[in-house]
Every structure is written in structure tokens, then in C-alpha cells.
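Below you'll find the structure, written out as C-alpha cells, and then a few comments.
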There are 2 protein chains.
Amino acid sequence: MDLKIKKKYRFRLKEGLSLEGRVMEKTKYNDNNSIIIKLNNGYNIAINKEDIEEIKEIVEKIKKEEQIDEKDNKVEYINELKSKVLILSTGGTIASKVEYETGAVVAASSPEEIIENFPFWYKLKNKLIYETILNEMSENFIPQDWEFIAKKTLEKYEKHKNNLRGIIITHGTDTMHYTSSALSFIIPYKINIPVVLVGSQRSSDRPSSDAITNLMAAIEFINSYSGKGVFVCMHSSISDDEFDIHSGTRVRKMHSSRRDAFKSINALPFAKILFDMNKKEFNVKILNRNNIPLNNKYDDISIKFSNDVVLVKYFPGMSREYLERVCENKKAVVLEGTGLGHVNIKELLEPIKKLTSEGKLVFMTTQTIYGGVHEYVYKNLRLLKDAGVVFLKDMISEVAYVKLCLALENFGKKEEIVEYVLKNVVGEISEDNIIYH
Amino acid sequence: MDLKIKKKYRFRLKEGLSLEGRVMEKTKYNDNNSIIIKLNNGYNIAINKEDIEEIKEIVEKIKKEEQIDEKDNKVEYINELKSKVLILSTGGTIASKVEYETGAVVAASSPEEIIENFPFWYKLKNKLIYETILNEMSENFIPQDWEFIAKKTLEKYEKHKNNLRGIIITHGTDTMHYTSSALSFIIPYKINIPVVLVGSQRSSDRPSSDAITNLMAAIEFINSYSGKGVFVCMHSSISDDEFDIHSGTRVRKMHSSRRDAFKSINALPFAKILFDMNKKEFNVKILNRNNIPLNNKYDDISIKFSNDVVLVKYFPGMSREYLERVCENKKAVVLEGTGLGHVNIKELLEPIKKLTSEGKLVFMTTQTIYGGVHEYVYKNLRLLKDAGVVFLKDMISEVAYVKLCLALENFGKKEEIVEYVLKNVVGEISEDNIIYH
């Protein structure tokens, strides 16, 4: 059967599975033995021709306008904004589209192209301000981009602060938790309104995109929360009716492709947003108020992140030479150990002692992701502590890395750096006086 | 109040919390302002003296024998073994005890000391064989220890194979998923009975230890499953009544301290074991039969793991020089990228091209833990693919690292290594012919 590009077909596969989707252009990446189709849920899939048992063309009855209506069914229930919201775009999937020629996702070329995909814009447009500050996929961000985003956020806040209720930063999801963490240690000292990072796992021109609903949820949160802080707003389930507001230092991308990829780690989400199907309304429930800056001492922290920190995940074959090499010319290392903060002490205790005796800073987090590290429970941990390793409690590795980049540029003495990193500044460390073994 | 070591007290803290526990010896690690107590649930905690509002001594009525009875309430319901089970001990918390002087956990000195802690031993002892092959905490294991454990397992199997139903390997939890993965690629080709790795998060001399119940669940699994394969058996909830049998290549330690720390990643657990409180019996339910070796081609794989592989977690500040340095003198690198398998291409695309052009192998997994990588979805991914990066689908980073260590020692040509690593050998890669975008 001769398949037409962009037409819809139903494919019955030999193993019994049936699939319905739109045929995509052949690319240089798929060979002649496979077809790429876009499923109704927005996924692209490749199917092998030899697995196909039967193909039927689908005559499409639904018009394009109706499709847009469908993706927009919750927009009419969004609440009128109490005051203005500033949306700053930095790029990422949320500001990108599918390139029909290759099937790949690329950056969108203009703000108009993006806004067009967000139907709520037309309802709220007199209250929404949209500015592009950067146009980059977040995997390419480096610590200097965190500086840039922080400075631009403060600059745009100054420009628009009259009657401003909150700021949304749209961002690629890959390193969004690194950026949210970087902003968390700076922004709440300077701005008294919430700053919410929002991404999407599917580009906003797809009917299945989570971009619209994530943005709507972030707007509803800003509308009902009058405190400060840096947050991440994303789907908390694969349905379109549940969203989590994560504290900026307690969140991590935990799945490469699902809509509910972001999870709060070692803490409750800051808030939950539910769309009530019966009442046709959004509900915001605050669960956790932990990320309010605790320490006024850091009011004048300067927006500068060091490139002299490395984040090193331990693995069983790690040799003494390897550890020495990764720390060469660097001032500090975050070691992502096993369990409660272990590395192979037979191989690495001596080089760690050497590093700390040379004045380098060695910190420990855990590669289990959940839970914390501890220097007391096992003898091997005590040996590491005695060698000068600083155990970072239940701080996430990525947050530890970001915080250390900031600390190196802000504090001169080793003791000051360690004091800052170990202090719970914005809720990134659990505040128990109880140490669990 | 003058507190006596090893005596039990109830502490009421200023913030309202009450705690009951046994006072531990002061160590050089806790200062004069805090007290370490062992709670009834086996946790050690440190409390600040200034937080204590009131202290009451508890007169202990329960005798030691009664305490042992209490921790043993499910033992009478364990089923009689159909045939023998061989338990090989390699060390770890499951074979360790609390040192009363310091409160730290140390390796136990003799097998008798360990067996004493497992009450089911007396019911099943004519069917259980116990041998110590190693006595090491698993954080110190290197790839050569995987070789040693694999060879010893085969050797002990030969010695005891008459009427043998399964093998249990007790192991420290920190790197248990690395070892289970290493054994998975070797053992099922040589042994037709199940091999189950079992650890514990609390040492077996504590009343709260999960060692006993994890071992009982592993024995019940072996008793009811007559296939082959390498598995991990651990608690699947914080209660004592639910256990997961994980496929050896689909499991990861996902919490540093909880009993239910081990989770199956990108797959269902192989089986679930439930203890039915009403019927007083164990139930084994097989959920997933995916880890049967698919490929007889690898029957004669040799038990040798290379030290020329590195596992490198990407972070935003990673420089060109850093990547070059970590790959120095190495043959292959597993890059743990962001999302679907990204790194900063502005900085790293050129050095990656250089590495692959020098004949080095560059593989990509994801630091999101859940989900897989993909070379098609984004333009940046395609650039990496074109630079020679091999994307490892939904294989876990740790498994990719272990498999590659094995592949380097077994295959000479680059193409053969890549073919092996990309092939689903024992269920470590999802077998869909559908590629999700």
C-alpha cells in the first residue's frame, strides 16, 4: 500500500497490536524498512514494515479548529488574574516545534509562534507580559547561563514590577532543576513574588503537549500564592488534571520522557494543583512551606557561579588515578557515593586525604537519589569523615553542585564555604535535629 | 540526670516529640552536647541535650528470650524446603553487627555469629548449607570481586549441586545491583537454578533488622520457582509483609536508608512475595518473565571484567578538557546524559568526535534513572549520534557500565562490542519494536 505523508492510517501489527497515526516524512535516520508515524497522543513511533499485518486509511472528519478546541477544553475555567504575570522565555521544548521534514523537535523562531499555541493567552492577554530572554535547549546551559537568567529576571522584574504578581520562566526540562536550584539561592532575597519555572515534555504545537496545562497551573498557583520563592511547575501524573509545585532545590527530572517526569526528592511538593472535573475549577493546596529563605545573612550574595567544581559519580572500578585526574585544577568535588555516602576506601581513602591536605574541598552526596548521607553509621564512613570529607546530609547531588559553584565565588575561606554549603538556606536540607541511622 | 549506658529511657523533647530508646556509649564523634540513643525500631539517633524537656527511666520487663520470639513471629509459617538451598556469604550489613563501644556497624567475625541471628535456621537447617566466600562491605567491591563471586558461585554449585534448588548470595546493599548485573550476564548460562542476592538495610542483630525476613522471602521464592536467572530479593514496603524479586539487571538501590530501598527500573519486578496475615502463609506471584537468557551465542562468555571503562555523569559545567581527561588511557565511556541522552553539544560535540575518531567507544544513558535515551527525537541528539555516540535505549547506567566491562574482555572488534552491548541479553533492554518519542 502506498502511504501518503500526513495522512492518518490504522496499522494492525502481526503480534495483535493496533496503532492509529499520521505518517511522517521519511528522514535520513529511518531506513526503508520502517515508517515513522505520529500517534494521536502526540508520540512519534517507528514501526518495522515487516511487522505490519494490515493497513487501513482513516477518513478524517474532525476539522483543525475542532482539534484546537479539544486541546483547549480547560482554558475557559482559568481564573481571571488578580494582577500581572511576567513570562520570560529561555527556550526548550516548551518554546519549540516539530520540524515536519525530519520529525525532529527544533527551537521555535518567534515568540508569536509560541504564543499562538497557548489558547489562554487570548483570555488573559491584558494581564500577561511575554519576553524572550534566551533561546536555547537547556542541555546546553552552563553555570554562566544561570547567572544570565538570574540577572535578566531581576532586570525584567525592575522593568515590569508595577502591579506584578509573579514571574514564570519557561525552560527546557533537561537541566531545569539545576537552574531552579541556582535561582533559589539568589532570587528570593531580591524579589518578594513567586518565580515559577515551567517546561514541557512535548512541544507546544502537538495536541498532546503538556505546555499549555503546565503554564495554566503555574498561573493559577501565582494567582493564589502571595509569598516568595523559586518553584518548578509540572504535571504530577500522566493525566492533565494534576500538577506539582516543587521547591526549586528539592526537585529532579526523574524520567526521560513521561509528562510527570519531575519529582520532589526527600520532601513533599510545595503545593499541589488539581483541576476539579465536576466543579470545573482549579484548586491550589499548599503542602510544604519549607523553602522560605531562613538566613538574612545571605541577602547580598553575588550572582556568580564557579567553574572550579566537579560532580563525580562513584563507580566500582574508580581508581586512585581517576579521582586525582578529575580533581586536577579544580577547587572542589561533589562525590556521589553509594548508600549513606561510601566509596571504595581501600583505593580512594589515601587520594582523598591527599586532596583535602592540599586544601581541596571534598563533599559527599548519594547516588541512590532518595535519602541522605551520614558520617556516623558505618566505620568506613567515619574513616572518610576523618579524611576531611564533608557529608551533605539529604541535599540532592545536583543542588550540592550548584550551591558549591555559588559558594566558591562568594566566600574566600574554606570554613565559610563549608558553613554555607552545610546550612539550610532555602529548604534544601532537612531541618531535623534528629540524625537517622 | 545521670544516664546509664545500655539502659532505656523516655525523652520528651521541647517541641513536643517523645522518644524511647537505649542510651549508647559516647563516641569520639558525638560531642558533649548530644546523646546517642538506639530507638526500639533499631535506629540510632542523636539528640541535642538542650532540646530535652524531661527524661524518665524505663524499667524493662521483657526478657531477652521474649525479644527474640517477637522478631521471629513469621518463622513458624515458612514452608518446608523441597530440596537444598546454598547460602553464600560475601559480607555487608546482613553479615554484620553493631559494635556497642562506638555504635557503628562492623563486619561479623564468624558464620556462627550470623546464623545465630536467623531463627528459621533451626527449622530448615537440614536443608540449608552456609558458606562464607568473602567478608567485605560492598562499597569496597571492584570489578575483580564480581569475577571472584561468579567463580566461587560456580565452584560451590559444583560441590553442592546434588539435590540443590537454588543459591542465595548475601551481599552488602550499596553495590548489590552492580554485582547482580555482573552475575546476570554469566550465571544463567552455567546454572539452571535461581541465584538470589539478598542484603539488609539494618544489621541482623537488631530487632528491626530486615535480614531475616528478606532471607525467608528469598527461600520461599526459590522453593516455588524452578527456573533459572539472577535476582535481588528485598523488602518492597516498610512493613515486613511485602517483598520484591527484582531481575538482576533491572534493579537499583533508590534510597540510602529505607528498608524498601531497591526498586525495579523500567520494568516490573520479576515476582512479588506477600505474607498473608490471615492465612499465615507466603505467596509468590511471578509478574515478569523477561530475564531468561535470549541468546545461546553467549554460552561461553568468559568471567573477566575490564578496568578500562568509566561511568561519567554529565553536569552543566563539564568542560572539553574534563571529558578528555576522564577518558585518558580508557577504552570506553558510559556518559550519563540529561533527559533523552543530551550533553552540552557546544562544548562537548568536538571532543566526542575526537574520542570516537581515536577508536574509543562512547555510550549514552540517562541521569533521570527512569526512562530511556533516544537518538532521533531532538536535533542535538542526532548530532551526537552522527559523532559516533551509541545510545543504550532503556538500559540503566550501572548495568551499561558492568556490561561494557564484560564486553571489552570478551570481544575484540569495536562492532562486536557494540553489537553485544545493544543486544537484549537477559532482559536488561526493553524488547519493543516501537520507539517512543
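The values are calculated or read from the model by the stated rules, or taken from the named source; none is laboratory data. None of the values given here were measured: they were computed from a predicted structure. Cβ atoms come from the backbone with ideal geometry, glycine included; neighbour counts cover every protein chain shown.
Scanning the stretch B:396-404 for any residue that is more than 18 Å from B:Leu348 (Cα to Cα), modelled with pLDDT of 95 or more, charged (D, E, K, R) and buried (at least 20 other Cβ atoms within 10 Å of the Cβ) turns up at least one such residue. Among the residues of the stretch B:380-391, at least one is at pLDDT 95 or above and of a type in the set (Gly, Ala, Ser).
If you filter the stretch A:193-208 down to residues that are among the small types (Gly, Ala, Ser) and more than 16 Å from the chain's Cα centre (by Cα), you find that the one that is surrounded by the fewest Cβ atoms within 10 Å (Cβ to Cβ) is A:Ser208. B:Glu324 falls short on exactly one of the conditions (1) of a type in the set (Asp, Glu); (2) surrounded by 15 or more Cβ atoms within 10 Å (Cβ to Cβ); (3) outside any loop (DSSP other than H, G, I, E, B), and that condition is (2). Only one residue in B:Tyr376, B:Tyr322 is touching a helix residue (DSSP H, G or I) at 6+ places or on another chain (Cβ under 8 Å) and without any contact (Cβ under 8 Å) to a residue 24 or more places away in the chain. Which one? Only one candidate passes the filter, namely B:Tyr322.
Restricting attention to the stretch B:311-335, the residues that are closer than 25 Å to B:Thr179 by Cβ and either over 27 Å from the mean Cα position of the chain (by Cα) or more than 7 Å from every other protein chain (Cβ to nearest Cβ) (or both) add up to 7. Out of curiosity, is B:Glu139 touching a Ser or Thr at 6+ places or on another chain (Cβ under 6 Å) and within 14 Å of another protein chain (Cβ to nearest Cβ)? Yes; evaluated as a whole, the condition is true for this residue. What single numbered condition from (1) closer than 21 Å to B:Ser203 by Cα; (2) at pLDDT below 90 fails to hold for B:Asn295? Answer for B:Asn295: the failing condition is (1). Taken over the stretch B:337-374, the residue count meeting the criterion of being more than 8 Å from chain A (Cβ to nearest Cβ) and among the acidic types (Asp, Glu) is 2. Kindly indicate whether B:Ile265 is in contact with a helix residue (DSSP H, G or I) (Cβ under 8 Å, 6 or more places away or on another chain) and crowded, with 18+ Cβ neighbours inside 10 Å. The answer is no for B:Ile265.
Only a single criterion out of (1) on the phi < 0 side of the Ramachandran plot; (2) at pLDDT below 95; (3) out of contact with any Pro (no Cβ under 7 Å at 6 or more places or on another chain) is not satisfied by B:Asn163, namely (1). Comparison of B:Ile245, B:Ile186, B:Ile222 shows that the only residue that is surrounded by 21 or more Cβ atoms within 10 Å (Cβ to Cβ) and touching a Phe, Trp or Tyr at 6+ places or on another chain (Cβ under 8 Å) is B:Ile245. Exactly one residue among A:Ile369, A:Ile396 is more than 25 Å from A:Ile301 (Cβ to Cβ) and of a type in the set (A, V, I, L, M, F, W, C), and that residue is A:Ile369.
Looking across the stretch B:129-170, the residues that are outside any helix (DSSP H, G or I), over 15 Å from the mean Cα position of the chain (by Cα), under 25 Å from B:Ile78 (Cβ atoms) and not hydroxyl-bearing (Ser, Thr, Tyr) come down to B:Ile129, B:Glu131, B:Ile133, B:Lys161, B:Asn162, B:Asn163, B:Leu164, B:Arg165, B:Gly166, B:Ile167.
Taking the criterion of being in the same structural domain as A:Glu416 (by TED's automatic domain parsing) and at positive phi, the only residue of the stretch A:280-337 that qualifies is A:Asn329.
If you go through the stretch A:295-309 and keep only what is at the interface with another protein chain (Cβ under 8 Å from one of its Cβ atoms) and without any contact (Cβ under 8 Å) to a residue 40 or more places away in the chain, you end up with nothing.
A:Val418 fulfils the conditions (1) among the β-branched types (Val, Ile, Thr); (2) over 25 Å from A:Leu183 (Cβ atoms); (3) surrounded by fewer than 23 Cβ atoms within 10 Å (Cβ to Cβ) except for a single criterion, (2). Looking across the stretch A:261-278, the residues that are over 11 Å from the mean Cα position of the chain (by Cα), without any contact (Cβ under 8 Å) to a residue 60 or more places away in the chain and either within 14 Å of chain B (Cβ to nearest Cβ) or not in a strand (DSSP E or B) (or both) come down to A:Leu268, A:Pro269, A:Phe270, A:Met277, A:Asn278.
Does the stretch A:201-208 contain at least one residue that is on the phi < 0 side of the Ramachandran plot, of a type outside the set (Gly, Ala, Ser) and at pLDDT 95 or above? Step through it out loud before you land on a result.
Start the filter on the stretch A:201-208 by keeping residues that are on the phi < 0 side of the Ramachandran plot, which leaves A:201-208.
Still in the running and of a type outside the set (Gly, Ala, Ser): A:201-202, A:205-207.
Filter again for at pLDDT 95 or above, leaving none.
No, the stretch A:201-208 has no match at all.
Picking from residues in the stretch B:327-378 that are hydroxyl-bearing (Ser, Thr, Tyr) and buried (at least 24 other Cβ atoms within 10 Å of the Cβ), the one that is modelled with the lowest pLDDT is B:Tyr378.
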